[in-house]
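What follows is one structure encoded as structure tokens, with my remarks underneath.
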Amino acid sequence: MAQKVTKIGVLTSGGDSPGMNAAIRAVVRTGIYHGLEVFGIMRGYQGMIEDDIFRMEGRSVANIIQRGGTILKTARCKEFFEPEGRKKAYENLKRRGIDGLVIIGGDGSFRGAVKFSNEFDIPCIGLAGTIDKDINGTDFTIGFDTAVNTAVEAIDKIRDTMDAHDRIFIIEVMGRDAGYIALHSGIATGAENILVPERKTNMDDIITSLLEKERRKKLVNLIVVAEGDEFGGATEVEKVLKKNLPNAEIRVCILGHIQRGGSPSCIDRLIASRMGYHAVESLMEGRHNVFVGILNNKMHYIPLETAVKNKGRISEEWMKIVKILAS
Ligand code: F6P
């Protein structure tokens, strides 16, 4: 028999992502709709350990659906991975009577939640919030769509100047372990080469094809590289290309954290709202230790343990599409 939750806590953890605020709003308002008391926990697990927790009302989340970042702030908390840290956090929740948690974050945050809920009797529901889209079991993560659109907008601008000067541009996008931002933004901007951590980069092939293009006077070439590509980021790629293409004009742009900020796209607001709503519903139904994912436009509840990074999921077909369309 499911234990009834009465007081729930919500936190954002790990790297922020646009749409986290929309998810917080949905959790708070759905919780209040069901007569629950809802508590905001500041700076992720750090705030749980330090008892930086406050009661939220419907009004606390007014005018935030369109804002990037997270009103609850976020942190990557090492202390929570130690048993003493988790115990402190539990005692703070217990004292306030918080009997359910919604964790908005990436796979590292979910790993923390699994450890916590294996030790203590507090059900945890995860919402996948990461720009990298590197979580198994969901077609979307909160923030990915916005980050990709930010990258596309920036790359389109770079293409104007790159075209004007007949240059090769190497653009580095975020993605320490995953190449989805590189893949999606690269295809959408007509990149000639896309380098992702999931697939081995063959630099010899890239050099050969750039030399061949140089011979036929195709001097404008866009290379999008994920920061975590095993060959290295944009500066590593630049070094090798400069050595092998002495006549080419080569420039680098590292897009960096602009991809993590900004107003969330409509898609991110929608999925964050749906996921936030379902997180509370699932706590009410007695679910625990799952995260809310969307597969084929349907909500799914997936065990938190399985939310590992989906490394290696970029298929050969995707890379073939890149090659054919850029030729
Ligand atoms: O949140 C994911 C991510 O943006 C990665 O793509 C990136 O490598 C990392 O976070 C950067 O983290 P930080 O802001 O802590 O340097």
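The values are calculated or read from the model by the stated rules, or taken from the named source; none is laboratory data. All values reported here derive from a predicted model rather than from experimental measurement. Note: ideal-geometry Cβ built from the backbone for every residue, glycine included; neighbour counts use all protein chains shown. Side chains are part of the model used for accessible areas, which takes the heavy atoms of the whole protein and leaves out ligands, DNA and RNA. Shrake-Rupley method; radii C 1.70, N 1.55, O 1.52, S 1.80 Å.
Worth pointing out:
- Efficiency of FRET between Met319 and Glu79 - r from beta-carbon atoms, R0 35 angstrom, step 0.05: 0.30
- Here the dipole of segment 146-260 is about 280 debye; that uses its Cα centre as origin and unit charges on the Cβ of Lys and Arg (positive) and Asp and Glu (negative).
- Full extension of the chain between Lys242 and Arg59 gives 60.3 nm of extra length, using 0.36 nm per residue less the Cα-Cα distance.
- Residue separation of Arg251 and Lys88 scaled by 0.36 nm, minus their Cα-Cα distance, works out to 53.7 nm of gained length.
- Residues whose amide H falls under 5 Å from that of Arg76, counting only those 5 or more places apart or on a different chain, are Gly14, with hydrogens built in the peptide plane.
- Shape category assigned to segment 3-62 from the gyration tensor of Cα positions, a/c cut at 1.5: oblate
- Percent carbon-and-sulfur accessible area, the chain, ignoring ligands, DNA and RNA, probe 1.4 Å: 51 percent
- Structure note, pairs Lys73/Lys157; Lys133/Lys157; Lys7/Lys88: Cα-Cα distances above 29 angstrom occur for Lys73/Lys157.
- Helix 266-284 axis, angle to the chain major axis (alpha carbon atoms, nearest 10°): 30 degrees
- Backbone amide hydrogens, once placed in the peptide plane, bring Met56 within less than 5 Å of Val38, Phe39, Gly40, excluding anything fewer than 5 places away on its chain.
- Of the peptides 199-210, 22-33, the ranking by mean beta-carbon count within 10 Å, highest at the top, reads 22-33, 199-210.
- Within the chain, percent of DSSP bridges classed antiparallel, to nearest 5: 25 percent
- Over the chain, DSSP H runs of length four or greater, each weighted -39,500 (n - 2.57), average out per residue to a 222 nm ellipticity of -12500 deg cm²/dmol.
- Shape category assigned to segment 146-260 from the gyration tensor of Cα positions, a/c cut at 1.5: oblate
- In order along segment 101-113, phi translates into HN-Hα couplings of 10, 10, 10, 9, x, x, 5, x, 5, 5, 4, x, 5 Hz, rounded to whole numbers, per the Karplus curve 6.51 cos²θ - 1.76 cosθ + 1.60 with θ = phi - 60° and x for Gly and Pro.
- Between Gln66 and Glu214, the FRET efficiency estimated from the beta carbon spacing at R0 = 56 angstrom works out to 0.75.
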